1. Pull up segment 1-11, narrow it to residues that are among the aliphatic types (A, V, I, L, M) and open to solvent by 40 Å² or more (accessible area, probe 1.4 Å), then point me to the one that is nearest to the chain's Cα centre (by Cα).
2. List, please: which pairs have Cβ atoms under 6 Å, are six or more places apart or on different chains, and start with a residue in segment 11-36 that is farther than 17 Å from SER62 by Cα and end with one that is exposed (fewer than 15 other Cβ atoms within 10 Å of the Cβ)?
3. Please name all residue pairs, on different chains or six or more residues apart, with Cβ atoms under 8 Å, provided the first residue is in segment 38-67 and is at positive phi and the second residue is of a type in the set (D, E, K, R) and at pLDDT 95 or above.
4. Name the residues in segment 26-65 that are within 19 Å of GLU78 (Cβ to Cβ) and among the aromatic types (Phe, Trp, Tyr), would you?
5. I'm trying to understand the selection: among the residues of segment 12-23, which are open to solvent by less than 30 Å² (accessible area, probe 1.4 Å) and either of a type in the set (A, V, I, L, M) or modelled with pLDDT under 95 (or both)?
6. Hey, could you check segment 30-82 for residues that are open to solvent by 20 Å² or more (accessible area, probe 1.4 Å) and of a type in the set (Val, Ile, Thr) and say which is nearest to the chain's Cα centre (by Cα)?
7. Give me a count of the residues in segment 1-38 that are of a type in the set (Asp, Glu) and under 15 Å from ARG69 (Cα atoms).
Amino acid sequence: MRVSRKGEYALRAMIDLSLRYGEGPVAVAEIARRGGIPKEFLQQILLQLRQAGLVQSVRGPSGGYTLMRAPAAITLAEVLREIDGPLA
């Protein structure tokens with residue numbers, strides 16, 4: 001199975017958010033820098049993940065993104081299906 005660049009970046013972002021789960025919102029710029037992801041592309045990916053109910057956004061100066069559920073409750077396959085469509 002081949003994973004698209006968008007899928008790979010989505011997984012990187014979700015892993016970053018899972019490592020910081022419970023610490024509050026994480027800024028898009030931080031996720032992009034740590035994951036080596038273009039910021040504008042990451043914003044599109046996070047919007048798609050938010051619409052899928054996997055992440056939530058927090059506005060304001062200390063805003064960013066957090067996971068909607070515990071990291072253990074989110075599978076890599078679920079993330080890839082939301083980004084790339086059916087896996088089969």
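1. Of everything passing the filter in segment 1-11, VAL3 is nearest to the chain's Cα centre (by Cα).
2. Once the first residue is farther than 17 Å from SER62 by Cα and sits in segment 11-36, its partners that are exposed (fewer than 15 other Cβ atoms within 10 Å of the Cβ) give SER18/PRO71.
3. That search, which allows pairs on different chains as well, returns GLY64/GLU30.
4. Of everything in segment 26-65, just one residue is within 19 Å of GLU78 (Cβ to Cβ) and among the aromatic types (Phe, Trp, Tyr), namely TYR65.
5. Across segment 12-23, the qualifying residues are ALA13, MET14, LEU17.
6. THR66
7. Of the residues in that region, 2 qualify.
The values are calculated or read from the model by the stated rules, or taken from the named source; none is laboratory data. For clarity, every value in this text was computed on a predicted model and none was experimentally measured. Cβ: placed from backbone, ideal geometry, glycine included. Neighbour counts: every protein chain shown. When the accessible area is computed, the model is the full protein with side chains, heavy atoms only, and any ligands, DNA or RNA have been set aside. Shrake-Rupley method; radii C 1.70, N 1.55, O 1.52, S 1.80 Å.
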